[in-house]
Structures are given as C-alpha cells and as structure tokens.
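Novice: Take this structure first; my questions come after.
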Amino acid sequence: GENVEQHPSTLSVQEGDSAVIKCTYSDSASNYFPWYKQELGKGPQLIIDIRSNVGEKKDQRIAVTLNKTAKHFSLHITETQPEDSAVYFCATNDYKLSFGAGTTVTVRA
Amino acid sequence: GAVVSQHPSWVICKSGTSVKIECRSLDFQATTMFWYRQFPKQSLMLMATSNEGSKATYEQGVEKDKFLINHASLTLSTLTVTSAHPEDSSFYICSARDWDRANTGELFFGEGSRLTVL
C-alpha cells in the first residue's frame, strides 16, 4: 500500500503562532489528500482536503499545499488557538486511505 | 456533512466473550465501509474493507475468523470481536464512503468504540 510519512510527531506552539505539518507519499497515482483532526477519545474529523489538480486550498485559518512533483503536502494553521490542540493525521487515497503517523499539536496559552 | 454513527461508544467485556460493534451511515447509503483499529498514541490501522452484500476484504495480518465483519445493508456494517482477549483492547473506528460522492474519495468517520477486555 501507500507509504505516508508525517513530520513532526509532536509540535508545540504559542497561541497566535502558526503550525505547519508536512507529509510525503510514495504513490504518484494518489490524487486525494485529506487532513483529519482527532480529539481525545473521538473519531477523526475531516478538516480540509486537496485534490491533485490544485496546488493550494484555504479555509479560514487552515490551508493545505500540494507539490505533486515532490510528492509532499502540508497543513498550515495560522493564528493558532488552544482549541486547535489535537492530533492531526494526513492521508492519501488509493481507494483505501493510508494515514500518516500523526502529529500531536499543543497550543500553549 | 454525512453522519456515521458507531455503537457502543465504549464496552468492557470478559476475556473469552464476543463483542459486536455497529457502524451506521445515518443519512446516506454506504456501499463500502472500512474498519480501523487504533492503539494509544498510534495512527489508524486499516483492518478490513466491508462491501455491502459480499465478503469483507481483510488486511494482511488481520484474522478474519477473529474479527467477523458483516455488511448486510447499505447503512449498517458490524464488527464482531470473537473470543476477545486483553490484547484486543483498542479503539475501533469505522468509516463509510458516500455512494453519491464515491468519486471524490471522501470518507466519513464514526466516533469510535473503545473496547476493554478484562
């Protein structure tokens, strides 16, 4: 299956600062790249996704960029707030989602 | 967005017993559902793909006789952990693909079911 690498594994930021999480993938045929946020004891929730025909997508404080040539995509969270603290997973869709290892984001007040 | 419901949200059982977890798509028909297992501080690991009206497809290393999956209707898939043991304790999560949006690849996740085997 698809190999998805996600970095960093943990990220601590001051409230108001930006957070960036990066993922690389191996299958050049991948065409769908979602990001999920998982709070403790809950299932993952889709927060943003991007398809291979665009390079960047933004939704308020969250943005995702995609570089198909380099096979990597990134999640950007600006003006972080304490409620952004959670585990974030990137994934790629080769019919079955392949998940990255996750990034635990902690926003310090 | 579409809603996927899991039940129970948590369950405690004795070693050797069987536990059934339900996954329902509440407002759409799901021809395909996926079952994941997640250990603490780890990512989601796909266990099996459940297709309505046919046998589930299991990932390598997942025992199909231990983790029975049934997808009898377009809105319900069940996972039964048979003869559960403490090492089966985990967070089980299902996801479903919306038939009408199948081409988008978008999956909707349930809230997860926490299984603790004593």
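Novice: Taking a probe of 1.4 Å and counting only protein heavy atoms, give the total accessible area buried between chains B and A in Å², rounded to the nearest 100.
Specialist: The B and A chains share an interface burying roughly 1500 Å².
Novice: Also: Within a Cβ distance under 10 Å of B:Y92, other residues only, what is the Lys/Arg minus Asp/Glu net charge?
Specialist: +1
Novice: Which far-off residues, 5 or more places away or on another chain, put their amide H under 5 Å from the one on B:C94, with H placed in the peptide plane?
Specialist: It is B:Y36, B:G110, B:G112, by chain and number.
Novice: For B:A30, what residues show an amide H to amide H distance below 5 Å, using hydrogens built from the backbone and excluding near sequence neighbours?
Specialist: B:T75
Novice: Which links in A:K68/B:K55; A:K37/A:K58; A:K42/A:K96; A:K22/B:K20 stretch past 25 Å when you go from one Cα to the other?
Specialist: A:K68/B:K55; A:K22/B:K20, as the Cα separations exceed 25 Å there.
Novice: Also, I was wondering about something else. Explain nothing, just the number: dipole magnitude of the protein assembly as shown about its Cα centre with +1 on each Lys and Arg Cβ and -1 on each Asp and Glu Cβ, in debye rounded to the nearest 20.
Specialist: 240
Novice: Using Stokes-Einstein with the Kirkwood hydrodynamic radius over Cα pairs, what translational diffusion coefficient do you get for the protein assembly as shown at 25 °C and a viscosity of 0.890 mPa s, in µm²/s rounded to a whole number?
Specialist: 135
Novice: Rg and Dmax of segment B:1-92 over Cα atoms: what are they, in angstrom?
Specialist: 13.0, 38
Novice: What percentage of the solvent-accessible surface of the protein assembly as shown, computed with a 1.4 Å probe over protein heavy atoms, is contributed by carbon and sulfur atoms?
Specialist: 49
Novice: Something else about it: Given the protein chains as shown and a 1.4 Å probe, how many square angstrom of B:K20 are accessible, to the nearest 10?
Specialist: 120
Novice: Enumerate cysteines in chain B without a disulfide-compatible partner, where compatibility requires another Cys Cβ under 4.7 angstrom.
Specialist: B:C13, each lacking another Cys Cβ under 4.7 Å.
Novice: Right, next: Please report Rg (one decimal) and Dmax (integer) in Å for the Cα set of chain A.
Specialist: 13.1, 41
The values are calculated or read from the model by the stated rules, or taken from the named source; none is laboratory data. Fair warning: this is a prediction, and the values are worked out from it, not measured in the lab. FYI the Cβ positions are ideal-geometry reconstructions off the backbone, even for glycines, and counts take in every protein chain you see. Areas reflect the complete protein model, heavy atoms only, side chains present, ligands, DNA and RNA absent. Shrake-Rupley method; radii C 1.70, N 1.55, O 1.52, S 1.80 Å.
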